[in-house]
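Contents: one structure, followed by commentary.
Values quoted throughout were computed directly from the atomic coordinates according to the rules given, and no laboratory measurement underlies them. Computed from a prediction, not measured in an experiment: that's the story for all the values here. Counting neighbours? That spans all protein chains shown, and the Cβs are built from the backbone with ideal geometry, glycine included.
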Amino acid sequence: MATEETTLPTTENEWKVRLTPAEFRVLRQAGTEPAWSGEYVDTKTEGTYQCRACGADLYPSDTKFDSHCGWPSFDDTIPGSVKEIVDRSHGMERTEIRCARCDSHLGHVFRGEWMTDKNTRHCVNSLSIKLTPKA
Ligand SMILES: [Zn+2]
C-alpha cells in the first residue's frame, strides 16, 4: 500500500518506524533531552524551525534568543502552529507545548521571566525541531 509522504501516522507504532528512538522518546512520549545536549542550543542560522515529526513550520529563527537554559528558546511562534496543554507531572504545574498539526511534544512554555519583551520562553527540545536554513 502506497503512503503519501504528507500522510501522518495514526498509531504510535507507525511513529516509531518513522522516528529515531531518541526522537520518539521526546516527540511521542514527552521526554526531555539533557540540557546543553541538543544540536540547536546555540544555533544562530537564519531560517525556519519545523516540527521534526511532521514538518510543520513552528518558529522563525528571529524568535530564537539566548536563554542560557540549555535548550533552544523562542519567544514567539508562527500563529496557530503550537498548542499549549497544562502538564501536572513531576509534582509541578507547567504548560506543555505540542505541535498543533501532529500533536508531538515540543517542550514547555514559561511566562513571567521577562527574558525578552514578549515575556514568553518556549523551551524546546532540539530533537523536536529541524532547522531549514534560509535559501
Ligand atoms: Zn508536528
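For Cα pairs less than 8 Å apart in space and 6+ apart in sequence, what is the mean separation divided by the residue count of the chain, i.e. the relative contact order in percent?
Relative CO of the chain lands at 27 percent.
For the chain, what does the helix formula give at 222 nm: sum of -39500 (n - 2.57) over DSSP H segments with n ≥ 4, over the residue count, nearest 500 deg cm²/dmol?
Dividing the helical sum by the residues of the chain leaves -2500 deg cm²/dmol.
Residue farthest toward the positive end of the dipole of the chain, with Cβ of Lys/Arg at +1 and Asp/Glu at -1: which of V41, G31, H68?
The residue sitting most towards the positive pole is G31.
List the residues, sorted by chain then number, that are 5 or more residues from A100 or on another chain and whose placed amide H is less than 5 Å from its amide H.
V82, K83
Using θ = phi - 60° and the Karplus form 6.51 cos²θ - 1.76 cosθ + 1.60, what ³J(HN,Hα) does each residue of the range 37-52 get, whole Hz, x for Gly and Pro?
Once θ is set to phi - 60°, the couplings for the range 37-52 become 8, x, 6, 10, 3, 10, 5, 10, 4, 6, x, 10, 8, 10, 5, 6 Hz.
Can you run phi through the Karplus equation (6.51, -1.76, 1.60; θ = phi - 60°) for the range 110-127 and list ³J(HN,Hα) in whole Hz, with x for Gly and Pro?
Those phi angles translate into 10, 10, x, 9, 6, 6, 9, 4, 7, 6, 9, 10, 7, 9, 10, 5, 4, 5 Hz.
Give me, ordered by chain and number, the residues 5 or more places off L58 or on other chains with an amide H under 5 Å from its own placed amide H.
Y49, Q50, C51
With the contact rule set at Cα under 8 Å and sequence spacing of 6 or more, what percent relative contact order holds for the range 3-80?
Once divided by the residue count of the range 3-80, the mean separation gives 22 percent.
Tabulate in residue order the Karplus-calculated ³J(HN,Hα) for the range 98-108, using 6.51 cos²θ - 1.76 cosθ + 1.60 with θ = phi - 60°, rounded to whole Hz; enter x for Gly and Pro.
Each residue's phi maps through the Karplus curve to give 10, 4, 5, 7, 10, 6, 7, 5, 10, x, 9 Hz.
Placing unit charges on C-beta atoms (Lys and Arg positive, Asp and Glu negative, everything else neutral), compute the dipole magnitude of the range 37-87 about its Cα centre in debye, rounded to 20.
About 160 debye.
Near G47, within a Cβ-to-Cβ distance under 12 Å, what is the net charge of the other residues, with Lys and Arg +1 and Asp and Glu -1?
Here the count lands on +1.
Scan around H108 for amide H atoms under 5 Å from its own, H built in the peptide plane at 1.01 Å from N, and keep only partners 5 or more places away or cross-chain.
When sequence neighbours closer than 5 places are left aside, the close amide H contacts are I97, C123.
Tell me whether the range 1-112 comes out rounded, prolate or oblate; compute the Cα gyration tensor, take square roots of the eigenvalues as a ≥ b ≥ c, and use a/c under 1.5 as the rounded threshold.
prolate
So for each of 117-128, 56-67, 87-98 I average, over its residues, the number of other beta carbons within 10 Å; can you give me the resulting order with the highest mean first?
The densest-packed peptide leads the list: 117-128, 56-67, 87-98.
Let me spell out the model: positive unit charges on the Cβ of Lys and Arg, negative unit charges on the Cβ of Asp and Glu, origin at the Cα centre of the range 1-84. What dipole size does that give, in debye rounded to 20?
I would put it at about 320 debye.
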